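Novice: Have a look at this one before I ask anything.
Readers should treat all values here as calculations from the given coordinates under stated rules, not as data from a laboratory. Note that the coordinates shown come from a computational prediction; the quantities given were computed from them, not determined experimentally. Cβ: placed from backbone, ideal geometry, glycine included. Neighbour counts: every protein chain shown.
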Amino acid sequence: MRELKTKEERDEFRENVYEYVVQKQFEQLLSEYLNSNHRRKLERITKAYNFAKKAHEKAKRLDGRPYITHPLSVSQIVCGEMGLGSTSICAALLHDVVEDTEYEVEDIQNMFGQKIAQLVDGLTKISGEIFIDKDMKQIENFRKLLLTMSSDIRVILVKIADRLHNMRTLDSMRTDKQYKIAGETMFIYAPLAHRLGLFAIKTELEDLSFKYEHPDDFQMIKEKLKNSEESRQRLFENFAKPVHMRLQDLELTYDMKARVKSAYSIWNKMLTKGVPFEDIYDLFAIRIIFEPTGDVDEKNLCWDIYAAITDIYRTRPDRLRDWVSRPKANGYQALHLTIMGPDGQWIEIQIRSKRMDEIDEKGFAAHWKYKDNNTDEKNHIEEDTELDKWLHTITEILENPSPNTLDFLDTIKMNLFSSEIFVFTPKGELKTLPKGATALDFAYNLHTGIGDTCIGAKVNHHLVPLSHKLESGDQVEILTSRSQTPKVEWLNFVTTAKARTKIESVLRRERKELAKVGQEKVAELFRKSEVELNQSLLDKVTTYYGFSKREDFYYAVEKGEVSMPDNIRKILKDKSKSSILKYVKKAFGVGKKKDSGGTKTDEEQLANKKVFDKSKPYDLVEDAFGKRNYVVASCCKPIPGDDVFGFINDDGNVVVHKHTCNIGLRLKSSFGDRILSTSWSSHVNRSFEAMLHVIGIDAVGVLTDISRTISGYNVNIIRLLIETNDGVFDGKINLLVHDVEDIQKMCVAISKLKNIQSVSRIAE
């Protein structure tokens, strides 16, 4: 090969290589499509590819590759990993054309038809400054996506594929962008993939988010999994040998394999239980995937395999999970059991048919493939109706959305990622609810009218309050009264998205009606005082009473929370109180978006705020006088050494959150443009609060040993709470420490003490 001497020669060679790579990628897509069960619509896919390639002709990704490689990769995920057909593949190829080029949705419709155009439109982000707060765009994009999804589920499937490829190529982005995208993925897209039954994709999204937010922990778990691979393989072989012999007697065609837990799920379990990697015993599960034979029912075959295994090994009855008879709401079907293996370890076994396994891996698309081809009613399952119910609930939420950004996200998420319980109506009808659901949630699940008028319930024939949490197997009868209406306090104990949305909708409607009455009272007072009513004076009166919105002020008037004088002139002449209130409003950021009454405009406020360089990490420092350039978030209380990120609040201050913080996760999902990557700098004279959780045998002198060990690390104990029960103590110790290293050293030292069972750092 001749040497490429000039820049032009090198550029030409690079472009030729890229052209070859793109062509090979497209040929691979066609090959995957031809190997599927879908109708052969190659011309349609080729036309979409050529159109997208031409539209993105000059665009490059951050890694220098032609932009068309991204739509191609998304299409391969849609086809190969989700099993979708030509319409979805074309939508994936075209999903960025409207957003990134001069083409409009009408152009897509003219060339590819209404259905593909509708999908592309749903995948196109909202543009233009149509919101007062630009951070709201992130939520409105998600709202638009869900609205389109309610009419065609494929739009969210393509979007999940788009997010998966972006996560796979996140290396080329700035650190703060990585945090934003990883947080948004963990908060929204992984739960969506879970809800749609895309187990493999959901797991990969979680692992990739974990990799970017906690790189050291991710690498540690990967190395430990690699080092323990041999012992896991021995455990599997010892278990499998006698099972193979029994299953051969059943004359089954099957595959038995061990599936290791994902790095994220292992880390999450370590965090939740406060134990090291070595104490996580269920690192893998064994799957037995069989092909149905003859006319034998799949469900019966699952139980036949269960019987064969339990003839050999002892089971844990409390760990039996029958999702064959009653599938999960996302369509998941399998029979789970836990046995004591030949090596003295508990092992989880998952029994499923090939159809069940494909539905688990590919979710919604695989289910519909089987449903369309399933003429045998004995294997019919009901996840399609469960999915329809879920889509209907999402539509209801979108029709009455919460005006608060984070509340809206939480309401959606409540309906995505939760365990399920099964309860019965008085007539024996089975209803599926999230774990933790209350009697009031059940009432709204039945009908909005029943929920709005609910006064109590009978659970298993016993009277219970609305806040009573239901358990699987409960029979629930709802009691109603025409005089009952939703109350604000109901929001404190409902857990389902539907119930919360319906209650908030009624409360907002009632609030508006009361505010109208209050507005009439204020107008009447102006008339009696012979003062001309205008917008400027209304703003002054609203500000005088400390409100930033007139509706809030009117509502307070009607509720009697504001005492109005006989003559409105008294308020307008009272300068001193107005000045005090203006000071209070300024201090607490009330009414910042108003341009009247001497307050600054948004543009003026932004001009006075600090500008942050997001291309490099923001140094978290403390000067010689103890002043810090950041604020520690009270929700998670990070300390130096923790994996953290910065959030720029409305005052321009950097608030530091742990990556594991739930509130921080919401912020990354909602206000991506305010996220900063951060790095800890010198904090020589500063102490931070942390908490240790210690469990052990209650013996004489154990508390003295713990205190002596802690004092050896030059840290202060500020609070200590010890509870004992039947010879076991459970202690929580609040400390002032310098950094994470202090905590780690103390945990190691305390764990070596006699009678100590476990020690870990926990959040308050």
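Novice: Suppose the chain between Val700 and Leu271 were pulled fully straight at 0.36 nm per residue; how much longer would it get relative to their current alpha carbon spacing?
Specialist: Details: separation 429, 0.36 × 429 = 154.44 nm, distance 2.99 nm.
The span from Val700 to Leu271 would gain 151.5 nm if fully extended.
Novice: Further question: Listed here are the pairs Lys224/Lys754; Lys269/Lys502; Lys47/Lys222; which of them are more than 32 Å apart at the Cα?
Specialist: Violating the 32 Å Cα-Cα cut-off are Lys269/Lys502; Lys47/Lys222.
Novice: Can you figure out the FRET efficiency of Arg719 with His462, using R₀ = 35 Å and their beta-carbon distance, to the nearest 0.05?
Specialist: FRET efficiency, Arg719 to His462: 0.30.
Novice: Amide H of Phe645: which non-local residues (sequence gap of 5 or more, or other chain) have their own amide H closer than 5 Å, using H built in the peptide plane?
Specialist: His657, His659
Novice: Amide H of Thr480 versus every other amide H placed in the peptide plane: which residues, excluding those fewer than 5 positions away on the same chain, fall under 5 Å?
Specialist: Amide H neighbours of Thr480, under 5 Å, 5+ apart: Ile455.
Novice: Once a ≥ b ≥ c are taken as the square roots of the eigenvalues of the Cα gyration tensor of the stretch 620-715, is the result rounded (a/c under 1.5), prolate (a/b larger than b/c) or oblate (a/b not larger than b/c)? Numbers along the way, then the final one.
Specialist: Numbers: a/c = 3.74, a/b = 1.78, b/c = 2.09.
In terms of gyration-tensor shape, oblate.
Novice: For the stretch 46-53, in order, what is each residue's ³J(HN,Hα) by Karplus, 6.51 cos²θ - 1.76 cosθ + 1.60 with θ = phi - 60°, in whole Hz (x at glycine and Pro)?
Specialist: Using θ = phi - 60°, the values come out as 4, 4, 5, 4, 4, 5, 5, 4 Hz.
Novice: Now, a different point. Once fully extended, how much extra length lies between Ser711 and Glu361, figured as 0.36 nm per residue of separation less the alpha-carbon to alpha-carbon distance?
Specialist: Gain on extension, Ser711 to Glu361, equals 120.8 nm.
Novice: For the stretch 473-514, run through the trypsin sites (Lys or Arg not before Pro) and keep only the ones in DSSP coil with at most 12 other Cβ atoms within 10 Å of their Cβ.
Specialist: Arg482, Lys487
Novice: Using θ = phi - 60° and the Karplus relation 6.51 cos²θ - 1.76 cosθ + 1.60, list the HN-Hα couplings for the stretch 281-295 in order, rounded to whole Hz, with x at every Gly or Pro.
Specialist: So the Karplus estimates, Gly and Pro as x, are 8, 8, 6, 8, 10, 9, 9, 10, 10, 10, 9, x, 10, x, 9 Hz.
Novice: Pick out, in residue order, every one of the trypsin sites (Lys or Arg not before Pro) in the stretch 1-79 that is DSSP loop and has at most 10 other C-beta atoms within 10 Å; say none if there are none.
Specialist: Those that pass, being in a loop and sparsely packed, are Arg2, Lys5, Arg39, Lys58.
Novice: Hey, what do the phi angles of the stretch 567-572 turn into as Karplus ³J(HN,Hα) couplings, whole Hz, using 6.51/-1.76/1.60 and θ = phi - 60°, x for Gly and Pro?
Specialist: Taking θ as phi minus 60°, the curve returns 10, 5, 4, 4, 6, 5 Hz for the stretch 567-572.
Novice: To continue, here is another question. Tell me which residues come under 5 Å, amide H to amide H, from Val631 once H is placed; ignore anything under 5 positions away on its chain.
Specialist: Val654, Val655, Val656
Novice: So, one more: Only bridges whose two residues both fall in the stretch 627-764 count here: according to DSSP, what percent of them are antiparallel, nearest 5? Could you put the intermediate results ahead of the total?
Specialist: On the way: 33 of 35 bridges.
Approximately 95 percent, going by the DSSP bridge assignments.
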